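Let me begin by presenting the structure, written as structure tokens, before commenting on it.
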Amino acid sequence: MRRVTAFWQALPVRAALRVARLLGPVRASNVFGALARWLGPLLPVSRIARVNLRLALPGADHAAILAGMWENLGRLAGEAPHLAGLRETASGPGWEILGAEHLPVAGPAILVSAHIGNWEVLPTVLAARGLPVASLYRAPDNPVVGRILRRLRGGGPALLPKGGRGALAAARHLARGGMLGLLADQKLNEGLAIPFFGRPAMTTPAPAILARRFACPLVPGRVQRLGPARFRILVEPALPPDPDPAVTMTAVNARIEAWVRERPEEWLWLHRRWPKALYRLDG
């Protein structure tokens, strides 16, 4: 029965991806982005984003940022079936990269990023450049949707499920000299209380711990949206190593905060990033 339910629940995803394929990368990005910009702010989950915006950017135009965030998410969905086919180009659909000299050419490395721009592009780009990249991911609750999304990767970077098995696989990948991609801005109930927009936010220490354990560089990188299905990957110099994970993750959060302040409409504001009490107080 569960398999039947999962199949029927996945039908809208299949239909949306089929439409996106038929439209092509640019039109799919534009159409899905426009729909999400209109519908997204009406959804109940937007309340979390509004609270986050009041906490982080009290003087900003919250309505404009919220609409832009939803448009970016819609574009991300429309671009999903086309990512594996994108290439490094000078214009049009595709991507360009700045700071590639900061990418290690050998040995283990960790690239730390955030849910900004189209973050799904980053591991695809690294794999296209011949780097042995793997990334941790949270599998969807629906296994059929999970299989669909994995197929979209088209044989690109390895996907490691979150949890104990994924952590062990990530350690083995680094031990073999691979590169591990980690998103460090996700909601956690545990971790280190590290400042983020001036407030303590539970932050994973995993990037700092792994970088120290394997004596490898911790490189910040992000994706900027330049247009429909058009991206710029920005790779920054590796962060200075430090024996204290809190020091390293403070530097990571500072970099992510700077990215968000630069382009707030491209960040995913839908996580409860700060303590629950703040959300209750802000209604």
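Each value in this text was obtained by applying a stated rule to the coordinates, not by laboratory testing. Predicted model, so just to flag it, every value in this text is computed and none were measured. When we count neighbours, we look across all protein chains shown, and the Cβ atoms used for this are built from the backbone with ideal geometry, even at glycine.
Annotations
- Antiparallel DSSP beta bridges within the chain, as percent of all bridges there, nearest 5: 35
- Under the span-like rule (Cα at least 20 Å along the axis, Kyte-Doolittle mean at least -0.5), DSSP H helices of the chain: 2-23, 25-39, 62-79, 245-262
- Part-to-part distance (alpha-carbon centres) for region 153-216 and region 36-76, which is given in Å: 27
- Length available on full extension from R47 to E236: 0.36 nm per residue minus the Cα-Cα distance, which gives 64.7 nm.
- Within the chain, helix-based [θ] at 222 nm, where runs of 4 or more DSSP H residues each add -39,500 (n - 2.57), nearest 500: -14500 deg cm²/dmol
- Gyration tensor (alpha-carbon) shape descriptor, region 192-283, a/c threshold 1.5: oblate
- Protection proxy ranking of 250-257, 238-245 - average other beta-carbon atoms within 10 Å, highest first: 250-257, 238-245
- Compared with the alpha-carbon gap, the fully stretched path from R27 to R213 is longer by 62.4 nm at 0.36 nm per residue.
- Residue exposure sequence - V31, V112 - by fewest surrounding Cβ within 10 Å: V31, V112
- Entry note, region 81-139: relative contact order of 21 percent, from Cα contacts under 8 Å with a spacing of 6+ residues.
- Pairs of Cα atoms nearer than 8 Å and 6+ residues apart set the relative contact order; for region 2-281 it is 25 percent.
- Dipole magnitude of region 162-256 about its Cα centre (Cβ charges: Lys, Arg +1; Asp, Glu -1), debye to nearest 20: 420
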